[in-house]
Amino acid sequence: MGKITMPKLGLTMTEGTVSSLKVKKGDGVKQGDLLLVVATEKLTYDVEAPEEGLVLDLLVAEGDTVPVGAVLMFLGNEGEQVLDSELPLNIPENTLTRIDQGKSLKTTKESFSVGDSSVASRNSASPLAKKWARAFRLDQAAINGSGPGGMITKADVMKEAGKFRATPLARKQARDSGLAITDIPGSGPDGRTLSADVKAWIEGNSEQRVKVSPVASKLAADHGIDLRGVSASGRIMKKDILEIARAGASKASSSGLAGSLAQDSPGEERRVPLTPMRKIIAQRMFMSTSTIPSVFFNIEVDFGEFIRFRETLNGYLAEKGIKISFNDILMKICAVALMDVPLANAWYDPEAQEYIMHTDANIGLAVAVEGGLLVPNVKGVQRKNLVQVAAESAELVAKARKGKILPEEMQGGTFTITNLGMFGIHDFIPIINPPEACILAVNSVIEKPVARNGNIEIRPVSMIGLSADHRILNGAEAADFLAKVKKLAENPWVILIQDSM
C-alpha cells in the first residue's frame with residue numbers, strides 16, 4: 001500500500017491546493033496515470049501514479065489546501081483496505097460544511113461559526129492536543145481548554161472525545177458523509193456509535209438530509225448557494241452547483257428565509273474567492289510596493305534598425321522554421337547590458353542587508369495566463385545565441401499558457417521584462433518582482449515625426465521604462481543601464497558581435 005502526498009515543488013512551498021481530482025475511490029490506475037492536479041505559487045503540477053493499483057481511499061476534495069507532505073490518497077492492490085489506524089494524524093483540517101436544521105456549521109483553520117455568531121480564532125492547543133484532536137476528528141474550536149491561558153491540553157481532548165463515544169470507522173463514515181458524529185445515537189457499549197449506527201442514520205434520514213458531494217458542498221459555500229434550494233436528481237454534484245453559479249441564480253438565506261437574486265438585478269454583488277495564483281500575486285505585489293523604494297526612468301528609443309535587424313534574421317532563418325520574436329532580441333540586449341551594470345542583475349536580501357550578485361542573467365518574461373500572471377525565465381541568456389534564446393523562450397511561454405511550467409523554470413530569475421506593446425500601451429510603471437533589482441517596461445512602437453540630422457523624418461519609436469530598487473542602484477547606475485539598452489536597441493547588430501566574442 002502506498003501513500004500519495006502533497007509534493008514540495010519549491011524551496012519556499014509550504015502548502016498546495018488540489019485544483020482537480022482525476023480519480024475517485026475504487027478506480028484502477030496504471031503507472032503514469034494522472035491522479036490529481038496541484039496548484040501552488042503561480043503554477044500547476046500533475047501528480048501521477050507511481051505504480052499500478054487501486055485508489056483505496058481519498059482524503060481530500062477539489063479545492064482543499066493542504067500542507068506539504070500531507071497524505072492525499074492511498075493506492076494499493078485489490079482486497080487491501082485502509083484501516084482507521086493507518087490514517088495519518090496530520091489529516092489537514094479542511095473546511096467542512098453541513099446543513100443541520102437550517103443552520104450552517106462551517107469550521108476552518110482560522111474561524112468557527114454557527115449561524116451568525118463567530119469566534120475570531122481557534123483556542124490555542126498543545127502539539128499533543130492537536131494531534132489527538134485530529135485523530136478523533138474533533139473540532140478544536142469547540143473544545144474548552146483547561147491549560148494556562150485557556151490552552152487546550154491532551155486531557156481536554158480526551159474528555160471531549162469521551163462525550164461522543166464512537167468507533168474510528170463510524171467517525172470516518174460520518175466525516176465522509178458530511179455528518180456530525182454527535183448527531184448519531186449509538187447502540188454499542190456505553191452508547192458508543194458504531195458503523196451500523198451511521199449507516200442506519202443515513203438510511204433513516206435520507207428524505208430529510210440534503211445529499212451532496214464534498215466538492216459540491218464547498219462550491220456552494222464559496223458561491224453562497226443554499227443547498228436546500230437546489231433541485232437535483234439524486235445527490236447534488238459539482239455540475240449542479242456550477243450551473244447555478246453560472247446562471248447567476250445563487251440562493252442565499254436571510255433571517256432563515258431563502259431568497260434569490262435575479263441575474264439582471266440592479267446593484268447585484270458577487271464575491272469571487274481568489275485563486276491560489278492570485279493570492280500569491282497579491283501578496284508579492286503588496287510586499288513589493290510597500291517595502292521597496294523604487295525609482296522609475298523612461299527613455300525614447302528609435303526601433304527602426306531593430307525592426308530591420310529582426311526582419312533580416314527571420315528572413316534568413318525562415319527555411320529552418322525558426323522565428324525570432326521582439327522579446328527574444330530584447331532579452332539578449334538586456335543580458336549584454338546587465339553584464340555591464342551588474343547591480344541591475346542583483347538581488348536584495350533585507351534580513352542580511354546584503355546584495356546577492358549573479359554571474360548569469362536569468363531573464364524572466366511576464367506571461368499572461370488564465371487567472372493571473374507567470375514569469376518563467378531563460379537561464380544564462382548572456383551565454384546563449386539568439387536562436388537558443390528564441391527556442392527556450394517559446395517553449396517556456398507555451399508551457400506557461402498550458403499550465404505545464406515546472407517550478408525550476410519559474411525560480412532563480414534575476415531580471416524581468418514585461419511587454420504591453422501589443423495592447424497599444426504607450427507608457428506604464430511596472431512593479432518590481434522581488435528580490436530582483438529591476439524590471440523593464442516595453443510599450444507599443446508607433447510612427448511619429450522625429451528630428452534627425454537636421455531633417456524631420458517619420459520613425460518607429462517607443463518609450464521603454466525601468467523600475468529599479470533604490471536600495472541596490474543609485475539613479476546614475478539605473479540610468480546608465482537604461483541608456484545601454486537604448487544604444488543596443490538602436491544598434492542591435494552589436495549583440496551578434498557579443499555572441500562571437
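For (1) free of Cβ contacts under 8 Å to residues at least 12 places away in the same chain; (2) touching a Phe, Trp or Tyr at 6+ places or on another chain (Cβ under 8 Å), each residue gets a yes or a no:
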residue: 365; (1), (2): no, no
residue: 370; (1), (2): yes, no
residue: 374; (1), (2): no, no
residue: 389; (1), (2): no, no
residue: 394; (1), (2): no, no
residue: 414; (1), (2): no, yes
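Inspect segment 481-488 for any residue being outside any strand (DSSP E or B) and without any contact (Cβ under 8 Å) to a residue 40 or more places away in the chain and give the result as yes or no. Steps first, answer last, please.
Narrowing segment 481-488 to residues outside any strand (DSSP E or B): 481-488.
With without any contact (Cβ under 8 Å) to a residue 40 or more places away in the chain added as a condition, the list becomes 487.
Checked segment 481-488: at least one residue is outside any strand (DSSP E or B) and without any contact (Cβ under 8 Å) to a residue 40 or more places away in the chain.
The single condition among (1) modelled with pLDDT under 95; (2) more than 29 Å from the chain's Cα centre (by Cα); (3) acidic (Asp, Glu) that residue 300 does not meet is (1). Tell me, which residue of segment 395-409 that is modelled with pLDDT under 85 and among the hydrophobic types (A, V, I, L, M, F, W, C) is surrounded by the fewest Cβ atoms within 10 Å (Cβ to Cβ)? Among them, the one singled out is 406.
Residue-wise test of (1) surrounded by fewer than 22 Cβ atoms within 10 Å (Cβ to Cβ); (2) of a type in the set (A, V, I, L, M, F, W, C); (3) touching a Lys or Arg at 6+ places or on another chain (Cβ under 8 Å).
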{"residue": "389", "(1), (2), (3)": "no, yes, yes"}
{"residue": "414", "(1), (2), (3)": "no, no, no"}
{"residue": "436", "(1), (2), (3)": "no, no, no"}
{"residue": "442", "(1), (2), (3)": "no, yes, no"}
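Look at (1) under 18 Å from residue 377 (Cα atoms); (2) modelled with pLDDT of 95 or more and you find that residue 434 fails only one, number (2).
Considering segment 416-434, and only residues there that are loosely packed, with under 14 Cβ neighbours inside 10 Å and touching a strand residue (DSSP E or B) at 6+ places or on another chain (Cβ under 6 Å), the residue that is nearest to residue 297 (Cα to Cα) turns out to be 429. Give the residue that is surrounded by the fewest Cβ atoms within 10 Å (Cβ to Cβ), with candidates limited to residues of segment 284-304 that are farther than 12 Å from residue 437 by Cα and of a type in the set (Val, Ile, Thr). The qualifying residue surrounded by the fewest Cβ atoms within 10 Å (Cβ to Cβ) is 289. For segment 288-325, a residue qualifies if it is in contact (Cβ under 8 Å) with a residue 60 or more places away in the chain and among the aromatic types (Phe, Trp, Tyr), and the qualifying residues are 296, 297, 303, 306, 309.
Just one of the listed residues (457, 477) is assigned to a helix (DSSP H, G or I), surrounded by fewer than 22 Cβ atoms within 10 Å (Cβ to Cβ) and either over 33 Å from the mean Cα position of the chain (by Cα) or not assigned by TED's automatic domain parsing to the domain that holds residue 386 (or both), namely 477. Residue 195 satisfies every condition listed in (1) modelled with pLDDT of 70 or more; (2) under 22 Å from residue 142 (Cα atoms) except (2).
The values are calculated or read from the model by the stated rules, or taken from the named source; none is laboratory data. The structure presented is a predicted model; accordingly, all values stated were derived computationally and were not measured. Counting neighbours? That spans all protein chains shown, and the Cβs are built from the backbone with ideal geometry, glycine included.
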